[in-house]
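Report on the structure given below.
The values are calculated or read from the model by the stated rules, or taken from the named source; none is laboratory data. The model shown is predicted, which means the values in this text are computed figures rather than measured ones. Please note: Cβ atoms are built from the backbone with ideal geometry, for glycine as well, and neighbour counts cover all protein chains shown. Each accessible area value is taken on the protein alone, full model and side chains, heavy atoms only, with ligands, DNA and RNA left out. Shrake-Rupley method; radii C 1.70, N 1.55, O 1.52, S 1.80 Å.
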Amino acid sequence: MEAGGNSLPSGPDGSKRKVYYFYDPEVGNYYYGQGHPMKPHRIRMTHALLAHYGLLQHMHVVKPALARDRDLCRFHADDYVAFLRSITPETQQDQLRQLKRFNVGEDCPVFDGLYSFCQTYAGGSVGGAVKLNHGSDIAINWSGGLHHAKKCEASGFCYVNDIVLAILELLKMHERVLYVDIDIHHGDGVEEAFYTTDRVMTVSFHKFGDYFPGTGDVRDIGYGKGKYYSLNVPLDDGIDDESYQSLFKPIMGKVMEVFKPGAVVLQCGADSLSGDRLGCFNLSIKGHAECVRYMRSFNVPLLLLGGGGYTIRNVARCWCYETGVALGVEIEDKMPQHEYYEYFGPDYALHVAPSNMENKNSRQLLDEIKIKLLDNLSKLQHAPSVQFQERPPDTEIPEVCIAKFLALFVLPSKSRLLVPKVSRSSKPLSGRVKREYLEPKAMEDQKEVEYARETDTAFTETKASYSGSMLIDEPQIKLEQDNINKSSDQPTEMNS
């Protein structure tokens, strides 16, 4: 299928595949601060590419509702959520003890709209899970995938763990859920949350050895009922497409065969790409996207999430291309003109060549890792079964469907699965942080700073006028309210 048509992608039986894409036009306005490598602006850049490549018309485009306090507290501690809701740049000096307690302030700074930002990206991931529970094939939330957040603390640029919340939602419908993480950093927050259960298998491919967060040894396999349900694939610098896929496909093929998940969550952190400002892998965009293509081929409900990625022009390239892969839509390498076209010079192409950096992952090392993990999987005799008594109600996620979205939208009860993790590789990480402060020399950084200055006042006014309504006052786009009376996954009243 080529981009430009109006039909949605077909499923394996020839039927139309239901694909939902969650995007809030306000998410790109949030700003971690000058010099911080995490830039939500990359989500807006990704959306611009999707719009101008014509991919939006192949999906149901939805603005998610904000996740409520009680939604976040299904995983996170009440006092931590209350802290995130109340803290502001103006009041943080009066709460130094709380900042330290919840690990907020350095890697995870306090910024304007912090809690709304958390509600937005978590709402998209939980909303995607609800759609999958009601028969959709694929749901996409590129603003989600913040895999480091813990039950009681922020970590590694992540405040709320939207992935855990989405998996908890999927577990209402599915006996087993698979989580796969291709971010360069270990998916520690998700692994820790499900370390003792056999209903969620976590698989993380990551850089290991003197690298944030310091966890993810191949010997960390789960505990109790969860033994062998945590898989860690520790990698070294410079891994390329061929080496990566020599592990990814045989391992994930065996996981799908043995675990038989009812749904898959794939965290597509783009900091594993070649040239990432915080990363040290050497994957091409096509090599990274091959993971999406492979997991899609199993025709199991699939939730695609974002994650890391700090060379933001390449993040946008990657997630645009991977959206096309998810849809089965081929898009050309020549980039269309759009609002952020100057970011992608001098080639103005979708794909970028990997570097000639050394691959420190020897064939012997990769084979040893593969043999070890396949052996662990062989110890799982069969997929665990769960006896359902009554399915819990869906999380109520009101939303607006943005139909025929052809123009770019740019605006200037608690589940306690978490127990202490027993890790053979963990060691004290005091003083270790994820980010490296770099001077904003790259054009994308300079433009981000300029954009933040220009829109600071506009953003404050936007936040003041945004009171939870799902309608967007924007003449470029036609918005259609979903018929909530016909959908069991939406409430009859708007939740604040």
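Other residues within the sphere of radius under 9 Å centred on the Cβ of Asp241, judged by their own Cβ, net out at -2 (K and R +1, D and E -1). List the trypsin sites (Lys or Arg not before Pro) within the range 80-173 that fall in a DSSP loop (any state other than H, G, I, E or B) and whose Cβ has at most 11 other Cβ atoms within 10 Å. Here no trypsin sites (Lys or Arg not before Pro) fit, given the DSSP loop and packing criteria. Remark: the range 134-208 projects, on average over all directions, an area of 5.5 nm² (convex hull of Cα atoms).
With all protein chains in place and ligands, DNA and RNA left out, the 1.4 Å accessible area ranks Leu365, Leu66, Leu266 as Leu365, Leu66, Leu266, largest first. Between amide H atoms placed 1.01 Å from N, distances below 5 Å from Leu303 occur with Ala139, Val264, Val265, Leu266, all of them 5 or more places distant or on a separate chain.
Which is farthest toward the positive dipole end of the range 177-293 among Thr215, Leu283, Gly226, measuring Cα position about the Cα centre, with Cβ charges +1 (Lys, Arg) and -1 (Asp, Glu)? Towards the positive end, the residue furthest out is Gly226. In terms of packing, defined here as the mean over residues of other Cβ atoms within 10 angstrom, the peptides 181-194, 39-52 line up highest first as 181-194, 39-52. When only alpha carbons are used to place a centre, the range 159-218 and the range 244-262 end up 15 Å from one another.
Computed from backbone phi with θ = phi - 60° and the Karplus coefficients 6.51, -1.76 and 1.60, the 3J(HN,Hα) list for the range 157-168 is 6, 10, 10, 10, 8, 4, 5, 4, 4, 5, 5, 4 Hz; x is used for glycine and proline. The distance separating the Cα centre of the range 24-88 from that of the range 325-348 comes to 23 Å.
For His206, the residues whose amide H sits under 5 Å from its own are Val233, Leu235, ignoring neighbours fewer than 5 places away on the same chain, with H placed 1.01 Å from N. Among Cys152, Cys291, the order of accessible area from largest down is Cys152, Cys291, computed with a 1.4 Å probe on protein heavy atoms. Taking amide H as placed 1.01 Å from N in the peptide plane, the amide H of Leu283 sits under 5 Å from that of Ser274, each at least 5 places away or on another chain.
Here Glu90 sits with roughly 130 square angstrom of accessible surface, probe radius 1.4 Å. Each residue of the range 324-332 was assigned a 3J(HN,Hα) from its phi angle through the Karplus curve 6.51 cos²θ - 1.76 cosθ + 1.60 (θ = phi - 60°); the sequence is x, 4, 4, 7, x, 10, 7, 10, 7 Hz, with glycine and proline shown as x. When the range 317-378 is described by a simple charge dipole with +1 on each Lys and Arg Cβ and -1 on each Asp and Glu Cβ, the residue from Ser378, Leu366, Tyr340 located farthest towards its positive end is Ser378. Computed over protein heavy atoms with a 1.4 Å probe, the carbon and sulfur contribution to the accessible area of the range 323-377 reaches 50%. Computed from backbone phi, the HN-Hα couplings of the range 87-101 come to 6, 9, x, 6, 9, 5, 5, 8, 10, 4, 5, 5, 4, 5, 4 Hz, rounded to whole numbers (Karplus: 6.51 cos²θ - 1.76 cosθ + 1.60, θ = phi - 60°; Gly and Pro given as x).
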